1. Check every one of the helices (runs of 4 or more DSSP H) wholly within segment 70-167 and list those with 2 or more residues that are modelled with pLDDT of 95 or more.
2. Among Gly280, Gly263, which is under 16 Å from the mean Cα position of the chain (by Cα) and of a type in the set (Gly, Ala, Ser)?
3. How many residues are of a type in the set (S, T, N, Q) and over 16 Å from Gly23 (Cβ atoms) when one looks only at segment 245-279?
4. Check whether at least one residue in segment 145-160 is surrounded by fewer than 22 Cβ atoms within 10 Å (Cβ to Cβ), among the hydroxyl-bearing types (Ser, Thr, Tyr) and within 18 Å of the chain's Cα centre (by Cα), and report yes or no.
5. Have a look at Gly139, Gly101 and point out the one that is farther than 20 Å from Cys240 by Cα, surrounded by 16 or more Cβ atoms within 10 Å (Cβ to Cβ), small (Gly, Ala, Ser) and within 17 Å of the chain's Cα centre (by Cα).
6. I'd like the full set of residues that are assigned to a loop (DSSP other than H, G, I, E, B) and either touching a Pro at 6+ places or on another chain (Cβ under 7 Å) or in contact (Cβ under 8 Å) with a residue 60 or more places away in the chain (or both), limited to segment 50-69.
7. Cβ-Cβ distance below 6 Å, separation of 6 or more or different chains: which pairs start in segment 99-111 with a residue that is within 16 Å of Asn82 (Cα to Cα) and end on one that is among the polar types (S, T, N, Q) and surrounded by 21 or more Cβ atoms within 10 Å (Cβ to Cβ)?
8. Exactly one condition in (1) under 26 Å from Trp246 (Cβ atoms); (2) surrounded by fewer than 21 Cβ atoms within 10 Å (Cβ to Cβ); (3) within 16 Å of the chain's Cα centre (by Cα) is not met by Phe32; state its number.
Amino acid sequence: MEPNLATSIGPIQLERPVMLASGILGISLDVFNRLYRSGAGAVVTKSLSTEPWEGYPNPTIFGVKGGGWINAVGLSNPGAPNFAKMIESNHDVPIVVSLVGSIPEDFEMMIKQFENCKVIAYELNLSCPHVAKVGLEVGDDPELVKKIVSTVKNSTNTPVIAKVGLGTTNYLNTVYTAIESGIDAITAINTVRAIAIDVETTRPILSNTFGGLSGTPIKPIALRCVYEISSKYDIPIIGCGGISTWEDAIEFFLAGASAIQLGSAIGDNWVDVFDDINKGILQYMERKNYSTIKDMVGLAKKS
């Protein structure tokens, strides 16, 4: 049987398992269309808030030796109402809308904006490491996570994903609370809180001081988290963090992910990277006689 790249993340069906991660090229329908035609199974938007956010002043991004980035853009976005109008004409691209807020009512209001849009899922950003009062501060509060997930699930029939990260508490508690509150899937992980300092000026490089580390340096951490979540809970997982090659993608499948997201790996090669990884996955599946992505999911945990 010919291998098939189609995969399911709970109720979410994708033709291909490689998705665009939130925060990267995620604000233009024209770009979404191009990414989809280039091999992306779905695109996740930049995290949207109830109103437009300008984000932080420059500098907001710093390259790390050996690969990777520290960024503190500040979740700049046009706001959910404006963005919903931008994607009303979408008919073809599987879009996952990323949402960020500090109270359940924020998410309820934003979801209403997308009632007339083609959206395959919502991803709740519960783990941004560099914006106060949203992100990790929300994810570290189990009671707030419970209220937000419950409110969102009661507000829509569209599948809902929780994006978790490493905060000041055990991230597995956030996963557990989200699952108990009815979440359909988990994305693991977000960027990791980090800092860079200029030795000449003796000051932090980013205007916000702290940012989120992404790219190859966090891949082993993200892989560990996917393995831990899949070992402890029966919940569909999307792996995210430091993935740049088909081998990386396979590792995440073997650890327990049913799909993966690319962020920092997009770089200058963003038109080709999805297709390159898809082809690598297919060639691996042919060589190993796997017919579906599901055949690989979690194999690293089996003796």
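The values are calculated or read from the model by the stated rules, or taken from the named source; none is laboratory data. It should be emphasised that the depicted structure is a prediction, and the values quoted were computed from it without experimental measurement. Every residue, glycine as well, gets a Cβ built from its backbone with ideal geometry; the counts of neighbours run over all protein chains shown.
1. 80-86, 104-113, 142-155
2. Values: Gly280 fails: under 16 Å from the mean Cα position of the chain (by Cα).
So the residue among Gly280, Gly263 that is under 16 Å from the mean Cα position of the chain (by Cα) and of a type in the set (Gly, Ala, Ser) is Gly263.
3. 4
4. The answer is yes; a qualifying residue exists.
5. Details: Gly139 fails: farther than 20 Å from Cys240 by Cα.
Matching residue, one of Gly139, Gly101: Gly101.
6. Matches in segment 50-69: Thr50, Pro52, Tyr56, Pro57, Asn58, Pro59, Thr60, Val64, Gly66, Gly67, Gly68.
7. Within 6 Å, the pairs are Val100/Ser47; Val100/Ser49; Val100/Asn125.
8. Just one mismatch for Phe32, condition (2).
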